[in-house]
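A quick write-up on the structure given underneath.
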Amino acid sequence: TNIMARGFTDCHCHLPANEFTQVSYVKKTQSTKHNGVIFMVFPRTYMIYPGFVFSCFGIHPLQGSGQDLHSVKIHELEPFLPLFPKYTDDIVAVGEIGLDFTPWFANTTQERDEQIKVFTKQLEISKELNLPVNVHSQSAAKVTIATMKELGIRQVLLQNFAGKPSVAMEEVQARFYFSFSPAVSKNEQRAKLIRQIPLEHICLETDSPALGTDKRVRNELGNIMICCEHTEKVKGISPDIVMDAAVLSVGCASFSSTLFPSTQLSVNMLGYSTL
């Protein structure tokens, strides 16, 4: 089977990034059928490519860029709060949200506490809007999981998860999902994690334009194939099985047991029955 021709589901990428010229890049990706469904961070490109590009909306735990990159403050979330209900019908998840306790970004208790407040508020919004969450967790796996469990959050994609296998298995028990970028193909510790997580809890992502196999080169949406091949290699199964499991994890019909129910129509358009 030519699995590239069948299409992939990239559950986490950043099409609005400056590295991409959005319209021309999505056209190229769509025409080559590297990806079936794309998720990004802000609702813009999906308006041009309905049924192909889907949007998430949320405030990341790190804000700014370059020398100004810093731990998020609660006042940085407040102006965006009215946008969540405004875009409810236009997004498939709240995200990318989460916690990043990397020491050089969140070195103090106050910084970490503010991140938790921002994260908690957005989790509460996801419950109010009945939407899944797309979660970033760096050096904060236990606190991230505890915060979500305390609020009863159940529809979770842990993007590019880097926690310990023991923590991951707690998340599997909570029926959370995981996705991994092409960069993990160079990481033996992450291979151990992928080997332990059940296939039905694994999705595919590129996190493009970041987290490719070479930091000096822009990560491309087509590199989703690297994620598929790496999962295949680690688990010792065929790429067809990896691809089918990832697609079904993202777009099945029942909201109670799947991640992004709003993508049901497009998954069926790709030739997958999820009923």
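The values are calculated or read from the model by the stated rules, or taken from the named source; none is laboratory data. All figures in this text were calculated on a predicted structure; none of them were measured in a lab. With ideal geometry, Cβ positions are generated from the backbone for all residues, glycine too; neighbour counts draw on all protein chains shown. Areas reflect the complete protein model, heavy atoms only, side chains present, ligands, DNA and RNA absent. Shrake-Rupley method; radii C 1.70, N 1.55, O 1.52, S 1.80 Å.
So, Q115, is that one farther than 20 Å from G58 by Cα, of a type outside the set (D, E) and over 18 Å from the mean Cα position of the chain (by Cα) or not?
Values: farther than 20 Å from G58 by Cα: no; of a type outside the set (D, E): yes; over 18 Å from the mean Cα position of the chain (by Cα): yes.
So Q115 fails the test.
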* Structure fact -> If we keep only residues of region 104-123 that are open to solvent by 70 Å² or more (accessible area, probe 1.4 Å) and part of a loop (DSSP other than H, G, I, E, B), then the residue farthest from L69 (Cα to Cα) is N107
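Which residues, taken from region 61-97, are open to solvent by 20 Å² or more (accessible area, probe 1.4 Å) and β-branched (V, I, T)? Walk me through how you get there before you give the answer.
Just the residues of region 61-97 that are open to solvent by 20 Å² or more (accessible area, probe 1.4 Å), to begin with: 62-70, 73-76, 78-83, 85-90.
Listed by number, the residues that qualify are I74, T88.
Can we say G152 is on the phi > 0 side of the Ramachandran plot, touching a helix residue (DSSP H, G or I) at 6+ places or on another chain (Cβ under 9 Å) and free of Cβ contacts under 8 Å to residues at least 60 places away in the same chain? Break it down stepwise before answering.
Numbers: on the phi > 0 side of the Ramachandran plot: yes; touching a helix residue (DSSP H, G or I) at 6+ places or on another chain (Cβ under 9 Å): yes; free of Cβ contacts under 8 Å to residues at least 60 places away in the same chain: yes.
Considered against the rule, which asks whether it is on the phi > 0 side of the Ramachandran plot, touching a helix residue (DSSP H, G or I) at 6+ places or on another chain (Cβ under 9 Å) and free of Cβ contacts under 8 Å to residues at least 60 places away in the same chain, G152 comes out as yes.
I want to confirm something. Restricting to region 43-59 and keeping residues that are hydrophobic (A, V, I, L, M, F, W, C) and at pLDDT 70 or above, which single residue is farthest from the chain's Cα centre (by Cα)?
Here is the first cut: in region 43-59, the ones hydrophobic (A, V, I, L, M, F, W, C) are 47-48, 52-54, 56-57, 59.
With at pLDDT 70 or above added as a condition, the list becomes 52-54, 56-57, 59.
Details: F52: 16, V53: 14, F54: 12, C56: 9, F57: 12, I59: 14 Å.
If we take residues in region 43-59 being hydrophobic (A, V, I, L, M, F, W, C) and at pLDDT 70 or above, then F52 is farthest from the chain's Cα centre (by Cα).
Being farther than 21 Å from R154 by Cα, outside any helix (DSSP H, G or I) and modelled with pLDDT under 65 is the requirement here; does S273 meet it?
Numbers: farther than 21 Å from R154 by Cα: yes; outside any helix (DSSP H, G or I): yes; modelled with pLDDT under 65: yes.
Criteria met by S273.
Matching residues to (1) over 29 Å from K164 (Cβ atoms); (2) touching a residue at least 40 places away in the same chain (Cβ under 8 Å); (3) touching a helix residue (DSSP H, G or I) at 6+ places or on another chain (Cβ under 6 Å):
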| position | (1), (2), (3) |
| --- | --- |
| Q67 | yes, no, no |
| E78 | yes, no, no |
| K86 | yes, no, no |
| D89 | yes, no, no |
| K117 | no, yes, yes |
| K127 | no, no, no |
| M148 | no, no, no |
